[in-house]
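**Q** Can you keep this structure in mind? I'll have questions shortly.
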Amino acid sequence: MSIRGRSAIVGAFEHPLRDIPHLTLPQVHREVAAGALADAGLAFSDVDAYFCAGDAPGFGALSMAEYLGLKPRIIDSTETGGSSYLFHVGHAAALIAAGKCSVALITLAGKPRTGGAAPGGSGGFGGSPEAGFENPWGITVPNAYALAARRHMYEFGTTSAQLAEIKVAASLHAQHNPHAYLRDVVTVQEVLDSPMVADPLHRLDCCVITDGGGAVVVANPEIARSLGGGRRAAWVLGHGETMKSTNNGRIDLTHTGALWSGAAAFAEAGVTPADIRYASIYDSFTITVLQTIEDLGFCAKGEGGRFVSDGGLVAPFGRLPFNTDGGGLCNNHPGNRGGMTKIIEAVRQVRGEAHPAVQVPDCSLALAHGTGGNLGTRTGAATLILGQEVA
Amino acid sequence: MSNLPVPAPSVNSETKPFWDGTAEGRLVLPHCDRCAFVIWYPRSFCPECGSSEVTWKDVSGLGTIYSFSITRKGQGEYRNATPYVLAYVQLDEGPRVLTNVVEEDPDALEVGQRVRVVFHDTGQGTALYRFARA
Ligand SMILES: [Zn+2]
C-alpha cells in the first residue's frame with residue numbers, strides 16, 4: 001500500500017517571533033496549533049490525531065494533547081531530533097491512509113534563547129549506551145558536524161568557499177523575510193572571515209539559535225478537497241524515513257540518511273530529483289545541506305561543492321531553489337530543531353504563498369528533508385515530497 | 001603536556017572490562033567468538049551477528065586519523081581547553097573511535113596521519129584513551 005495522494009497538508013503556521021520571553025513552552029505549542037488550524041479552516045475539535053517530539057515538555061503527546069484540550073484517537077511522540085516533524089507527517093499520512101484518523105495536528109515549540117536551555121546542546125545523552133564513549137572528549141554540536149565537513153573535504157576536495165555559497169544563498173532569501181532572525185545579505189568572504197567555531201566550520205556556517213515554533217495539519221482527501229476547494233492543499237505524494245548509525249564502529253562521515261529516505265520518497269511519489277521545483281533542505285550547518293543534496297540525488301556524490309556554487313541554490317531560477325524563507329541558517333531554527341520550518345516553507349511554495357521575490361513559478365512539486373541528531377554520530381532522516389495535485 | 005580536562009566516563013557492568021583495561025594502560029575490546037568482529041563501542045554481545053559470546057582482548061593502540069576538528073569554542077569543562085582536537089581515529093583493527101588527538105601544533109594535523117594511543121588518568125579508576133602522532 002502506498003500513501004501517495006491519500007492525505008494533504010492543509011494548514012501550516014510558523015510563529016512570527018524569534019524571542020518569546022512572555023510565553024511558556026506549552027503556550028507556544030498552543031499558539032502554533034491555533035495558527036495552523038486557523039490556516040486550514042479547522043477547529044481544535046476536528047483534530048483526531050496529535051503528534052509532538054522531544055521539544056514538548058512533560059510526558060510527550062500525553063501531556064500536550066491533554067493541555068491542548070484534544071481528544072485524539074491517535075497520539076505519537078516519535079523523537080528523532082530536528083527531523084521528528086517530517087517523520088510525523090509520514091506517520092500521519094500512513095495512519096490517515098489506513099483510516100485510523102482524519103485530521104492530524106503536529107506541533108513544535110522551543111525557547112533556547114529565553115527558556116534557559118543550553119544553546120545548541122552538547123553531545124550524547126547521559127545514560128545512553130554510547131554516552132561513555134562519546135561524552136568525555138568535548139564533543140559539541142559544531143565540532144562533530146565539523147568532522148563530517150573535514151572528511152568530505154578530504155575525500156572530494158570540497159572547500160570552505162563552496163560551503164559558504166550555501167549561507168550566501170540563504171541570506172539572499174532571508175532579506176525578503178521580515179520575520180527572519182538574520183536579514184543581512186552576506187558574501188562568501190564574510191563567511192570565511194567569521195570566527196572559526198570548530199575548524200573547518202565558521203560561525204556563519206552554523207544555523208541561528210531562536211525561540212519559536214510551528215505546526216502543520218494533515219487531513220484526509222475528503223477534508224482536504226472540502227477546504228477552499230482544495231486549492232491550498234499540499235498533497236503528500238511520498239515519504240521516506242530512516243536512521244543512520246555509527247554502524248558498529250564503521251561510521252562513514254561523507255553521507256547522510258537522505259541516501260535511503262530520499263530514494264524511498266521518490267519511489268513512492270513516482271518522481272525523480274529532476275522533477276523537483278523547490279527543496280527545503282535541513283540546514284543545521286552548511287555541510288548538512290551539501291551532503292544532503294548529494295544523497296538525495298540532485299548531483300553525484302562529491303559534486304555538491306560545484307552544485308551549490310554560482311547561485312545554484314538561489315531562488316527562483318537557480319539549479320535547485322532552496323530554503324526560500326532563509327532557512328535555519330538565517331531565518332529560524334526554533335528550539336534547535338529545523339524540521340518543522342522545512343515543511344512549512346515547502347507548503348508555502350506549493351501554494352504559491354512564498355515571498356514573491358523567491359516564489360518558484362508553478363511550483364508543482366516540492367521536497368522537504370529533515371536531519372536530526374548529529375552528522376558526526378547518528379541521525380534520523382526523513383524526506384517528504386509534496387505536490388499541487390495528486391495526478 | 002596536555003591541558004585537556006579528564007572527565008570520568010560513565011561506567012557500568014557491561015563496559016567495566018573495557019574501562020578496567022584503560023586503568024592499566026591497555027585498550028581491551030570485545031571480539032566476537034563467532035564472526036571475529038572487533039566490536040565498537042564495547043558491548044557484551046556482537047551487534048554484527050547477534051552472538052552473545054565475546055572475548056575481551058587487547059588491540060594494538062595504533063591507528064590513523066579518519067577526521068578531526070580543531071575546536072575553538074568549547075562547552076562545559078572544555079570551555080577553557082580550546083583549542084583542542086576532536087577526532088575519529090580508525091584503529092588498525094577496524095573500529096573508528098571518537099577521541100581527542102593530543103597535539104601541540106594542531107594546524108599540523110592531517111587526515112591519514114598515524115597515531116598511537118595514550119592514556120590520561122581520571123583519578124577514578126579509569127583513564128581516557130586519547131591519541132598522539134606516532
Ligand atoms: Zn559476531
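Every number here is computed from the coordinates shown, using simple stated rules; none is lab data. Keep in mind that what you see is a predicted model, and the values were worked out from it rather than measured. Heads up, the Cβs are rebuilt from the backbone with ideal geometry, glycines too, and the neighbour counts pull from every protein chain shown.
**Q** Multiply the residue separation of residue B:3 and residue B:34 by 0.36 nm, subtract the distance between their alpha-carbon atoms, and state the gained length in nm to one decimal.
**A** Values: separation 31, 0.36 × 31 = 11.16 nm, distance 4.21 nm.
Going from the current span to full extension adds 7.0 nm.
**Q** Related question: Got the relative contact order for region B:16-133 handy, in percent, Cα pairs under 8 Å and 6 or more residues apart? Each step should come with its number before you reach the end.
**A** Values: 249 pairs, mean separation 27.8, N = 118.
This gives 24 percent for region B:16-133.
**Q** Okay, next question. At a 10 Å Cβ-Cβ cut-off, how would you order B:131, A:307, A:298, fewest neighbours first? Please report the intermediate quantities before stating the final value.
**A** Values: B:131 27, A:307 20, A:298 24.
Fewest-to-most Cβ neighbours within 10 Å comes out as A:307, A:298, B:131.
**Q** Now for a separate question. Using alpha carbons only, how many degrees (0 to 90, rounded to 10) separate the axis of helix A:286-296 from the longest principal axis of chain A?
**A** 70
**Q** Using 1/(1 + (r/R0)^6) with R0 = 30 angstrom and r between the beta carbons of residue B:20 and residue A:128, what's the FRET efficiency to the nearest 0.05? Write down the numbers at each step before the final one.
**A** Values: r = 21 Å, r/R0 = 0.71.
It comes out at approximately 0.90.
**Q** How many partner chain Cβ atoms sit within 10 Å of a residue's Cβ in peptide B:10-20, on average, as a whole number? Working shown, then result.
**A** Values: counts 10, 1, 4, 0, 2, 3, 0, 0, 2, 1, 0.
Per residue, the number of nearby Cβ atoms from other chains is 2 on average.
**Q** Debye calculation, C-alpha points only, no solvent: report log10 I(q)/I(0) for chain B at q = 0.10, 0.15, 0.16, 0.18 Å⁻¹, in the same order as the q values.
**A** -0.34, -0.75, -0.84, -1.03
**Q** For residue B:92 and residue B:58, calculate 0.36 nm times their separation in residues minus their Cα-Cα distance, and state this gained length in nm to one decimal. Each step should come with its number before you reach the end.
**A** Values: separation 34, 0.36 × 34 = 12.24 nm, distance 1.22 nm.
Extra length from residue B:92 to residue B:58 when fully extended: 11.0 nm.
**Q** Roughly what angle does helix A:84-97 make with the longest principal axis of chain A, taking Cα atoms, 0 to 90 degrees, to the nearest 10?
**A** 30
**Q** Take the Cβ-Cβ distance between residue A:73 and residue B:132 as r, set R0 to 56 Å, and report the resulting FRET efficiency rounded to the nearest 0.05. Don't skip to the answer; put the middle values down first.
**A** On the way: r = 59 Å, r/R0 = 1.05.
Working from the Cβ atoms, E equals 0.40.
**Q** Per-residue Cβ counts within 10 Å, from other chains only, averaged over B:89-98: what number is that? Walk me through the numbers on the way to the answer.
**A** On the way: counts 0, 3, 1, 0, 1, 3, 5, 8, 4, 15.
Mean partner shielding for this stretch: 4.
**Q** Moving on to the next point. If the chain between residue A:357 and residue A:243 were fully stretched, how many nm would it gain, using 0.36 nm times the residue separation less the Cα-Cα distance? Can you show the working numbers first?
**A** On the way: separation 114, 0.36 × 114 = 41.04 nm, distance 3.57 nm.
That works out to 37.5 nm of additional length.
**Q** Enter the angle in degrees (range 0 to 90, nearest 10) between the Cα long axis of helix A:25-40 and the first principal axis of the Cα atoms of chain A, meaning the one along which they spread out most.
**A** 60
**Q** Apply 1/(1 + (r/R0)^6) to the Cβ-Cβ distance of residue A:190 and residue B:104, taking R0 = 41 Å, and write down the FRET efficiency to the nearest 0.05. Numbers along the way, then the final one.
**A** Details: r = 32 Å, r/R0 = 0.77.
For R0 = 41 Å, the calculated efficiency reads 0.80.
**Q** Another question, if that's okay. Could I have the simple spin-label model distance between residue A:98 and residue A:275, label points 7 Å from Cα toward Cβ, reported in nm to one decimal?
**A** The modelled label-to-label distance comes out at 2.6 nm.
**Q** Additional query: At residue B:116 and residue B:13, where each label point lies 7 Å from the Cα along Cα→Cβ, what is the point-to-point distance in nanometres?
**A** Spacing of the two 7 Å Cα→Cβ label points: 3.8 nm.
**Q** If you average 1/r across every pair of different Cα atoms in the protein assembly as shown and take the reciprocal, what Kirkwood value do you get, in Å?
**A** Values: mean 1/r = 0.0424 Å⁻¹.
For the protein assembly as shown, the Kirkwood estimate is 23.6 Å.
**Q** Still on this structure, please answer the following. Under 5 Å between amide H atoms, partner at least 5 residues away or on a different chain: which partners does residue B:54 have, H built in plane at 1.01 Å?
**A** Answer set, sorted by chain and number: B:33.
**Q** Only helical DSSP H runs with n ≥ 4 go in: add -39500 (n - 2.57) per run for the protein assembly as shown, normalise by residue count and round the 222 nm mean residue ellipticity to 500 deg cm²/dmol.
**A** Only helices count here, giving -7500 deg cm²/dmol.
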